[in-house]
Amino acid sequence: MPRYILVHETASTNSYASRMAAMLPSGTVIHTPRQTAGRGQRGNSWEMGPDKNLAFTYLLKNPAVAPAKQFYISEAASLAIVDALSVVLPGVTIKWPNDIYYGDRKLAGILIEHSLTSRQISQTLIGIGLNVNQQRFVSDAPNPVSLWQITGEEYDLTELLHGICNRIEQYTEFDQYGESDFAHLHSRYMSHLYRNDGAMHRFALPSGEQFDAAIDDVRRDGILTLRHADGKMGEYAFKEVAFVI
């Protein structure tokens, strides 16, 4: 079972967990009701109203996944959130690589940070921010939404936290996985992937150029493969392409 440590206020649960990780066992969860400087992918910020949302980090030590296949950890964390939320909100999707969306709005974000030693992943920090009971967003973060805004109901933060972390624990028991289990994990990830419907959608490059393409797959290293309107295939790392929403 996960072990929970409550920190009443911290700048970032990932940063806090990183400082304490050497003294903590795998499966420890650092959570806080007040995160003052939450970090998203590539330095993006995460707005969090005090006592309204979830901000936590799940510490995973020595996961039985090769560095080249580390994206399986991202898939596992994403599916853990989708599964936990499906109890209260059907129709949640995973926007590549690991944002959690409802419709075209962002419900949760995941920041995964690995430490590598001797060609192995020695430690992974799975940082998660989930918008739960916040009624209004005031930052310039794009298209945020909370469970409260969607359903008009308030939710028990502890119940949601435990539901997600229990599922992360189950999904990340990689030492018990065979090849068919990894294949099933990836298949489930793709089945919940935002805009993975076979249709053409609009994408944008960092230069501002836009094009239409359909999602083909996500490689085990996290690279997104797209089938362009002319039939050509393209491969894109995170931040090399963006959905136009």
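Here are some notes:
- Qualifying GluC sites (Glu not before Pro) in region 100-194, DSSP loop, other Cβ atoms within 10 Å at most 11: GLU153
- When TRP148, TRP96 are arranged by Cβ crowding within 10 Å, least crowded first, meaning fewest neighbours, the order is TRP148, TRP96.
- Contour minus Cα-Cα distance for MET1 and ILE245 (0.36 nm per residue): 84.0 nm
- Paramagnetic reach from GLN120 (point 7 Å along Cα→Cβ, amide N under 19 Å) across region 170-185: 172-178
- In nm, spacing of pseudo-spin labels at ASP51 and PHE238 (7 Å Cα→C-beta vector): 3.3 nm
- The residues PHE56, PHE203, when put in order of fewest to most other Cβ atoms within 10 Å, stand as PHE203, PHE56.
- Calculated FRET efficiency for the pair GLU154/SER187, C-beta based, R₀ 22 Å, to 0.05: 0.05
- On full extension, the segment bounded by ALA141 and LYS61 gains 25.6 nm, given 0.36 nm per residue less the C-alpha separation.
- Sites LEU89 and ARG202, calculated FRET efficiency, Cβ-Cβ separation with R0 30 Å, nearest 0.05: 0.70
- Among the listed pairs LYS61/LYS95; LYS69/LYS239; LYS52/LYS239; LYS69/LYS232; LYS52/LYS95, a Cα-Cα separation exceeding 21 Å is found for LYS61/LYS95; LYS52/LYS239; LYS69/LYS232; LYS52/LYS95.
- Theoretical gain in end-to-end length, GLN170 to ALA214 [0.36 nm per residue, Cα-Cα removed]: 12.7 nm
- Under DSSP loop assignment and at most 11 Cβ neighbours within 10 Å, longest trypsin sites (Lys or Arg not before Pro)-free interval of the chain: 1-118
- For Rg and Dmax of the Cα atoms in Å, the candidate list reads (i) 23.8, 101; (ii) 17.6, 54; (iii) 17.9, 58; the entry that matches the value derived from this model is (ii).
- As a calculated quantity, the FRET efficiency between THR225 and ARG105 at R0 = 30 Å, using C-beta atoms, amounts to about 0.75.
- Within-15-Å neighbourhood charge of TYR155 [Cβ basis; K, R +1; D, E -1]: -4
- Per-residue ellipticity at 222 nm from helix content only, as computed over the chain with -39500 (n - 2.57) for each DSSP H run of at least four residues, stands at -7000 deg cm²/dmol.
- Database remark: amide H of LYS95 closer than 5 angstrom to the amide H of ILE100, TYR101, TYR194 (H placed geometrically; neighbours at sequence offset of 5 or more, or on other chains; Pro and chain starts carry no H).
- Proportion of all alpha-carbon pairs of region 147-245 beyond 23 Å (%): 48 percent
- Multiplying each eigenvalue of the alpha-carbon gyration tensor of region 201-243 by 5 and taking the square root yields semi-axes of 16, 13, 7 Å, largest first, rounded to whole angstroms.
- Cβ-based exposure ranking for VAL82, VAL241, VAL87, in which fewest neighbours within 10 Å come first: VAL87, VAL241, VAL82
All of the numbers you see were taken from the coordinates with simple rules; none came from a lab. Predicted model, so just to flag it, every value in this text is computed and none were measured. As a convention, Cβ positions derive from the backbone with ideal geometry for all residues, glycine included, and neighbour counts pool all protein chains shown.
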